[in-house]
Amino acid sequence: MKQEILFLCHRIPFPPNRGDKIRSHNIVKRLARIAPVHIGCFADDDADMGEEFELAAIAASYRLVRRSKPLALAGLQSLVRGCSISRTAFEDGTLASYVAELTASRRIGTIYLFSGQMGQYVPADFAGRLIADFVDVDSAKFEAYGARKRGVMAWVDAREGRKLRAEEAALADRAGVSLLVSDAEAALFCARLPEAIRAHAQVRTLANGIDSAYFDPGLVNSEPRLRALPAPRLIFTGQMDYRPNVEAALRVARQILPLIRHHLPEASFHVVGRNPTAELLAHNGHAGVHVWGAVEDIRGWIKAADMAIVPLDIARGVQNKVLEAMAMERPVILSTAALTGIEAVPGHHFIEANSDEECAAAVIALAADPQRARGVGFAARRFVCERQSWRATLVPLPGLLGEPAPACRDAA
């Protein structure tokens, strides 16, 4: 009898409408083609709970848990237990019981962890293969948050970074293979491991992809509300209560767009994505800024824009928003941090710009040269279709379920 897979995920992998869900969705679908998959995951809200039928359709069995623990309680528990807030926020007895019963009663040959906080559910006596998909280096992200703040929150984020780093190391020590989304993230992850663990840990890259057949500008019409506005129309997409996205969007609204509008007074900036913060909404309708919130189909909005702008200061891993804009033939202006894991050519497939002045100058130059803008967009789509489709990026996945991986010291 073929051995089965247990997939443990911090968020239900349906629907694929945000960065982490896009990755987990495509991975779990590929795993289900290899062997029966059992899925244990969390739901953030009623909309997530409404996707339970998708789990039932793909999983040999599943346990979906509504996550309701307040963050303040998770923080207090983390202080008492000496662990990260991320870990205590995802503690649940019913999910732990499901995992224990499943591993005792079924032929689970592999446990695939999606996100480090799910490592707490691996039974101590599990003897099969353990794959830990960290995606990116969460501990480094929280350390960066702490360095940018002052007072209590600086301490909280710095502590979270330290605790996550220790938990990442312990999980890498136990896992058969640890996965990161890019070579740069894998090298950073290895460099942050204690030397004794680094010497034997198996760290590999499993890149994000894009469904270029879905993100095809020929399949959708431009969103008329956006297209009706004068050019140039700049777009930023994503989960808009995620801190790096909020900071990047505010940077465009407050610093970059005014520089652009000094030369192009009708330029506008469009923030499209779920749960925009009050700070973002305060800019809606002022000085060319439009905050649209969640939309039914992001493709029409990207198509209606003249270019995408992604000036992230803190970014871990491959940015799906960048791949989506590239697939939709939009020229993308992005920071060095936002291009991690995208092995494309600056100036040909995208425009790299870091300072506010560089970002503004790139937008102004593309607006003045529509032919070049179209050429960058065309080259971008061709690149993602050929190099970053999910079919291409997930080719290594079957081998990761059992074939040996190179040592961590080689990955760096």
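Every read-out reported here was derived from the displayed coordinates using simple, explicitly stated rules and does not represent laboratory data. As the structure is a computational prediction, the values presented were derived from the model and not from experiment. Glycine gets a Cβ as well: all are built from the backbone with ideal geometry, and neighbour counts include every protein chain shown.
Averaging over all projection directions, find the projected area of the Cα convex hull of region 1-119 and quote it in nm² with one decimal place.
Numbers: hull surface 29.8 nm².
Mean orientational projected area (region 1-119, Cα hull): 7.5 nm².
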Computed ³J(HN,Hα) along region 256-262: with the Karplus parameters 6.51/-1.76/1.60, θ = phi - 60°, integer Hz and x for glycine or proline, the list is 7, 4, x, 5, 5, 5, 5
Residues whose modelled amide H sits under 5 Å from the amide H of Asn354, counting only those 5 or more places away in sequence or on another chain, are Cys359
Taking the chain and counting helices only, DSSP H stretches of n ≥ 4 at -39,500 (n - 2.57) each over all residues, the nearest-500 ellipticity at 222 nm comes to -12500 deg cm²/dmol
Karplus-derived 3J(HN,Hα) from phi for region 235-251 (6.51 cos²θ - 1.76 cosθ + 1.60, θ = phi - 60°), whole Hz, x at Gly and Pro, runs 10, 9, 10, x, 6, 9, 10, 8, 3, x, 5, 4, 5, 5, 5, 5, 4
In degrees, nearest 10, the alpha-carbon axis of helix 356-368 is tilted away from the dominant principal axis of the alpha carbons of the chain by 60 degrees
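What number do you get for region 217-389 when its Cα radius of gyration is normalised by 2.2 N^0.38 Å, N = residues? Don't skip to the end; give the middle numbers.
Working: Rg = 14.4 Å, N = 173, 2.2 N^0.38 = 15.6 Å.
Region 217-389 yields a ratio of 0.92.
Normalised by the number of residues in the chain, what is the relative contact order in percent for Cα pairs under 8 Å and 6+ residues apart? Let's see the in-between values first.
Numbers: 791 pairs, mean separation 60.8, N = 412.
Rounded, it is 15 percent for the chain.
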Once phi for every residue in region 321-326 is put through the Karplus expression 6.51 cos²θ - 1.76 cosθ + 1.60 (θ = phi - 60°), the whole-Hz ³J(HN,Hα) values, with Gly and Pro written as x, are 4, 6, 4, 5, 5, 4
As straight-line cross-link partners of Lys149, the qualifying lysines (C-alpha separation under 24 Å, not fewer than 8 residues apart within one chain) are Lys141, Lys163
Looking only at lysines whose Cα falls under 22 Å of Lys29's and that sit 8 or more positions away or on another chain, we get Lys2, Lys21, Lys321
Going fewest to most other Cβ atoms within 10 Å around each Cβ, Arg87, Arg106, Arg254 line up as Arg254, Arg106, Arg87
The relative contact order of region 217-389, taking Cα pairs under 8 Å that sit 6 or more residues apart, comes to a percentage of 23 percent
Which of Asp136, Asp306, Asp241 fluctuates most in a GNM of the chain (C-alpha springs under 10 Å)? That residue is Asp241
Any residue on another chain or 5+ positions along whose placed amide H is under 5 Å from the amide H of Leu6 is listed here as His38, Thr110, Ile111, Tyr112
Highest GNM mean-square fluctuation among Arg330, Arg148, Arg192, for the chain with Cα springs under 10 Å, belongs to Arg148
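Give the range of the longest stretch in the chain that excludes all GluC sites (Glu not before Pro) found in loop regions by DSSP and having at most 14 other beta-carbon atoms within 10 Å. Working shown, then result.
Numbers: sites that count: Glu266, Glu296, Glu343.
Here the longest run is 1-265.
How big is the chain by the Kirkwood estimate over distinct Cα pairs, in Å?
In the chain this quantity evaluates to 22.2 Å.
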